[in-house]
1. Report the residue, chosen from SER212, SER224, SER109, that carries the largest GNM mean-square fluctuation when the chain is represented by alpha-carbon nodes joined by springs under 10 Å.
2. How much length would be gained if the chain were fully extended between PHE174 and ASN195, taking 0.36 nm per residue of separation minus their Cα-Cα distance, in nm to one decimal?
3. List the GluC sites (Glu not before Pro) within segment 1-78 that DSSP assigns to loop and that have no more than 13 neighbouring Cβ atoms inside 10 Å.
4. Assign one of three labels to segment 1-72, namely rounded, prolate or oblate, based on the Cα gyration tensor with a ≥ b ≥ c the square roots of its eigenvalues; rounded applies when a/c is under 1.5, prolate when it is not and a/b is larger than b/c, and oblate otherwise.
5. Mind listing which trypsin sites (Lys or Arg not before Pro) in segment 51-156 are in a DSSP loop and have 11 or fewer other Cβ atoms within 10 Å?
6. State which entries of LYS112/LYS169; LYS39/LYS194; LYS39/LYS97; LYS60/LYS108 exceed 18 angstrom in Cα-Cα distance in the structure shown.
7. Under the rule of -39500 (n - 2.57) per DSSP H run of 4 or more residues, summed and divided by the residues of the chain, what mean residue ellipticity at 222 nm is obtained, to the nearest 500 deg cm²/dmol?
8. Taking springs between alpha-carbon atoms closer than 10 angstrom, which of PRO15, PRO233, PRO86 fluctuates most in the Gaussian network model of the chain?
Amino acid sequence: MIINLTYYHVANDVPEISPEIAVVIDVLRATTTISWALKNGADSIQVFSDLDLLKKSAIKWQADERVMLGERGGKKIEGFDLGNSPLSVTKKVVYGKRLFMSTTNGTKSLQKVQYAKHLFAMGLLNRRAVAEKIISLQSENVLILGSGWEGTYSLEDSLAAGALASYLKTNCNFEVNILNDELQSALALWDFWKNDILNCLKTATHGKRLSSLGDYEEDFKCCSELDCLDIVPAQVERGVIRAS
Ligand code: 3SL
C-alpha cells in the first residue's frame, strides 16, 4: 500500500477534482478554533464564504441553539457573537450549538474541497489524530490544503503540512510518497521549526498581522500546541463539520 501526499498552499491552486481525502489547514486560526469548538461540545460547524448566506441560514435556527462567529482581516464581524479565537469557543458558549462560521481564508479552503469523499480540518493541535484517521482509511491519495492569506503562501500552514507528512512517514506501515515540491519544502520547514513552533507562528506574516491588532499571546500559545486534542473535525454533509 502507498499513500501519495500532495500539498497546495492556497485554495486557488487546487485543480477541480474530488479527492478521496482532503485535509484543510488553517493554523492561525480557523481550524484550531473549529477543533476546540468541537472539543468543547459544539454540535456542528457550518462554514460559509458568503456572509449573507450565513445570516440567512443562521436565522432559521433558534437563537439559543446557534452561534455566529467569524472574522474579516482578523477582526470580529459586526453583529456576530464571536470572532475567530480558539479561546472564545468555550464549553459555556458553544455546547450543543450549531456554529455558523466564516473567515477570511480557512472557510474558503474548506469549501474548495467540499466534494472530497472525506474532508478533515486540521491544526497543529490535532495533527496526530488526523494522521491516525488517514492511516486507518487506507486511501491512496491525500490532498493537503493550506489556507494562506488572500491567495498567498503562509508559513504556519506549510509548517503544519510538513508536520502531518512527517508523522505519516514515521508512523505509517505503508510507503508514503511526497508528490510535490511544496510538500518537500514543508517537510524541511517542519524539521527546521519543530522545536520552536511558537516562534514560527509569530514570525509568520499573519502572526505579525495578528500581533499588530492586539494582544494575541494566548491565541499563539493555543495554536502552537502540538497533538494535544484527539478531535478529528470531519465534514458530514456539504459544509457541515462534526467531531469524529
Ligand atoms: O483567515 C482565516 O481563516 C482566519 O483564520 C484568520 S484569523 O486568524 O482569524 O485572523
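1. In the Gaussian network model the winner is SER212.
2. Details: separation 21, 0.36 × 21 = 7.56 nm, distance 2.67 nm.
Here the answer is 4.9 nm.
3. Values: sites: GLU16, GLU20, GLU65, GLU71, GLU78; in loops: GLU16, GLU20, GLU78.
Sparse-neighbourhood loop GluC sites (Glu not before Pro): GLU16, GLU78.
4. Details: a/c = 2.29, a/b = 1.79, b/c = 1.28.
Prolate, since a/c reaches 1.5 and a/b exceeds b/c.
5. Working: sites: LYS55, LYS56, LYS60, ARG66, ARG72, LYS75, LYS76, LYS91, LYS92, LYS97, ARG98, LYS108, LYS112, LYS117, ARG127, ARG128, LYS133; in loops: LYS60, LYS97, LYS117.
Of the trypsin sites (Lys or Arg not before Pro), the ones in loops of segment 51-156 whose Cβ has at most 11 other Cβ atoms within 10 Å are LYS60.
6. Numbers: LYS112/LYS169 26 Å; LYS39/LYS194 24 Å; LYS39/LYS97 12 Å; LYS60/LYS108 23 Å.
Violating the 18 Å Cα-Cα cut-off are LYS112/LYS169; LYS39/LYS194; LYS60/LYS108.
7. Working: 10 runs with 94 residues, N = 244.
The per-residue figure over the chain is -11000 deg cm²/dmol.
8. Residue with maximal mean-square fluctuation among PRO15, PRO233, PRO86: PRO15.
We did not get these values from a lab; they are worked out from the coordinates using the rules stated. Since we're looking at a predicted model, the values are computed, not measured. We place every Cβ from the backbone using ideal geometry, glycine too, and count neighbours over all the protein chains shown.
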